[in-house]
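Data first, discussion second: the structure below is written as structure tokens.
The values are calculated or read from the model by the stated rules, or taken from the named source; none is laboratory data. The model shown is predicted, which means the values in this text are computed figures rather than measured ones. Every residue, glycine among them, receives a Cβ derived from its backbone with ideal geometry; neighbour counts consider all protein chains shown.
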Amino acid sequence: MVLLAGDKIPPGGLGVFPEKIKSELAKKLTGKVVILCVGSRSRGDDIFGPLVAKRISGKVSAQVIDAENVPENYLGKIAKLSPDVVLLVDAAHFDGAPGEIRLLDPQDLAESSFSTHSASLKLIEEFFRAECNSKVFMLAAQPRHVSFGVPPSPELIAAVDSVVDMLAEILN
């Protein structure tokens, strides 16, 4: 069900990223790639997407969009780019350890999204498939907390560091 389930970034494992996930993502990120980063800056670990966007913008050969907590507002703009691949980057509840990363395929994106946002990621995937025949994948981090006004956890920061390093290597 979940691609490479069980691959984890160990707590405090700064700079460590599972090689299997990196290898699999490198196979998937081909052609014209758009990275759609989603998350709230004010809700703890939900800042995963925006932190990744801030750190990789201008450093990778992909269009990076920080959609904050309203990815649906960027669907038309992204469709006009006619990407081959859309990579969603977001915090998601999948019962992993805090900071754990999973690469999810479209069939893993249930109608009732496990994302912390209102738009169903499955509906977003269906939109891109119908509008521009794009493949959609999600790079998700398990949050420790998504409470308002709390800073991101150390595990989430480690996940951001690892994802940024990995995407910079793959997309350069």
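Can you name the condition, by its number, that Pro143 falls short on among (1) in contact with a strand residue (DSSP E or B) (Cβ under 8 Å, 6 or more places away or on another chain); (2) modelled with pLDDT under 85?
Only one criterion in (1) in contact with a strand residue (DSSP E or B) (Cβ under 8 Å, 6 or more places away or on another chain); (2) modelled with pLDDT under 85 is unmet by Pro143, namely (2).
Determine whether the range 59-75 contains at least one residue that is among the β-branched types (Val, Ile, Thr), over 19 Å from Pro151 (Cβ atoms), out of contact with any Lys or Arg (no Cβ under 8 Å at 6 or more places or on another chain) and assigned to a helix (DSSP H, G or I).
Checked the range 59-75: no residue is among the β-branched types (Val, Ile, Thr), over 19 Å from Pro151 (Cβ atoms), out of contact with any Lys or Arg (no Cβ under 8 Å at 6 or more places or on another chain) and assigned to a helix (DSSP H, G or I).
Give the range 60-107 a look and list any residue that's within 15 Å of Ala140 (Cα to Cα) and of a type in the set (Phe, Trp, Tyr), or say none.
Selection gives Phe94 alone.
Exactly one of these conditions fails for Leu51: (1) modelled with pLDDT of 95 or more; (2) in a strand (DSSP E or B). Give me its number.
So the condition that Leu51 fails would be (2).
For the range 81-101, indicate whether the set of residues that are assigned to a helix (DSSP H, G or I), at pLDDT below 95 and within 13 Å of the chain's Cα centre (by Cα) is non-empty.
no
Across the range 16-45, what is the number of residues that are closer than 18 Å to Ile157 by Cβ, surrounded by fewer than 19 Cβ atoms within 10 Å (Cβ to Cβ) and in contact (Cβ under 8 Å) with a residue 60 or more places away in the chain?
Residues that pass the stated criteria total 2.
I need a count of the residues in the range 137-172 that are among the β-branched types (Val, Ile, Thr) and under 12 Å from the mean Cα position of the chain (by Cα).
Residues meeting the conditions: 3.
Filter the range 73-103 for residues that are under 11 Å from Leu36 (Cα atoms) and in contact (Cβ under 8 Å) with a residue 40 or more places away in the chain and give the result.
If the condition is that a residue be under 11 Å from Leu36 (Cα atoms) and in contact (Cβ under 8 Å) with a residue 40 or more places away in the chain, then Leu75, Ile78, Val85, Val86, Leu87, Leu88, Val89, Asp90 are the ones that fit.
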